[in-house]
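Encoded as structure tokens, the structure appears first; notes follow it.
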Amino acid sequence: MRQIGSFPSVSAIRNLNAANGYHWFSADALRFFNGKVYDVLYGTAVFVTSEQHSMPYRAPEPRKYSIRVGMSDGTIQTYAFACYDTIREAIAEAKWLARALDSGEMFYCPQKCEIVARPDLPLGDA
């Protein structure tokens, strides 16, 4: 079952991704999105990337920052894609997400294929 991984570094996520035949961190993939991977791991699986979209004959769009999560099979789960204008905002959210995953406040839901908040406990019949 796909679940959030536990890694010592972003490099370990990168290595598992490649070892399992995925190309998320490949030079071609990163070049296509003008992507950067920041090598700081928050908690055991959360890291920050950035992307800058550009079209020929147009000024490049501003660089945006995303939050990603390394999964136990080496795949990458996106928590927030291009949602942050500054790396400072993305880092703050990445730190929060790492703490929330560690505490169980947030978790990976395989039915939805996304990271979600823990549902409130039912209050029972009134």
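The values are calculated or read from the model by the stated rules, or taken from the named source; none is laboratory data. These figures come from a predicted structure and were not determined experimentally. Glycine gets a Cβ as well: all are built from the backbone with ideal geometry, and neighbour counts include every protein chain shown. Each accessible area value is taken on the protein alone, full model and side chains, heavy atoms only, with ligands, DNA and RNA left out. Shrake-Rupley method; radii C 1.70, N 1.55, O 1.52, S 1.80 Å.
Values as computed for the structure displayed
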{"quantity": "Which listed residue is touching a residue at least 12 places away in the same chain (Cβ under 8 Å), more than 12 Å from the chain's Cα centre (by Cα) and assigned to a helix (DSSP H, G or I), from R31, R2, R88, R99", "calculated": "R99"}
{"quantity": "Residues that are outside any strand (DSSP E or B) and polar (S, T, N, Q), drawn from the stretch 58-85", "calculated": "S72, T75"}
{"quantity": "Members of the stretch 55-77 that are of a type outside the set (A, V, I, L, M, F, W, C) and either free of Cβ contacts under 8 Å to residues at least 12 places away in the same chain or closer than 14 Å to G35 by Cα (or both)", "calculated": "P56, Y57, R58, P60, E61, P62, R63, K64, Y65, S66, R68"}
{"quantity": "Any chance F47 is free of Cβ contacts under 8 Å to residues at least 24 places away in the same chain and under 25 Å from M1 (Cβ atoms)", "calculated": "no"}
{"quantity": "Count of residues meeting criterion [loosely packed, with under 12 Cβ neighbours inside 10 Å and within 28 Å of P62 (Cβ to Cβ)] in the stretch 1-38", "calculated": "5"}
{"quantity": "Output for the stretch 39-62, where each listed residue is out of contact with any Asp or Glu (no Cβ under 7 Å at 6 or more places or on another chain) and open to solvent by less than 60 Å² (accessible area, probe 1.4 Å)", "calculated": "L41, Y42, A45, V46, F47, V48, T49, S50, E51"}
{"quantity": "Options C109, C113: the member that is in contact with a strand residue (DSSP E or B) (Cβ under 9 Å, 6 or more places away or on another chain), open to solvent by 50 Å² or more (accessible area, probe 1.4 Å) and under 25 Å from P8 (Cα atoms)", "calculated": "C113"}
{"quantity": "Failed item, numbered, when Y79 is tested on (1) out of contact with any strand residue (DSSP E or B) (no Cβ under 6 Å at 6 or more places or on another chain); (2) within 18 Å of R2 (Cβ to Cβ)", "calculated": "(1)"}
{"quantity": "From the options F33, F47, residue that is of a type outside the set (K, R) and at pLDDT 95 or above", "calculated": "F47"}
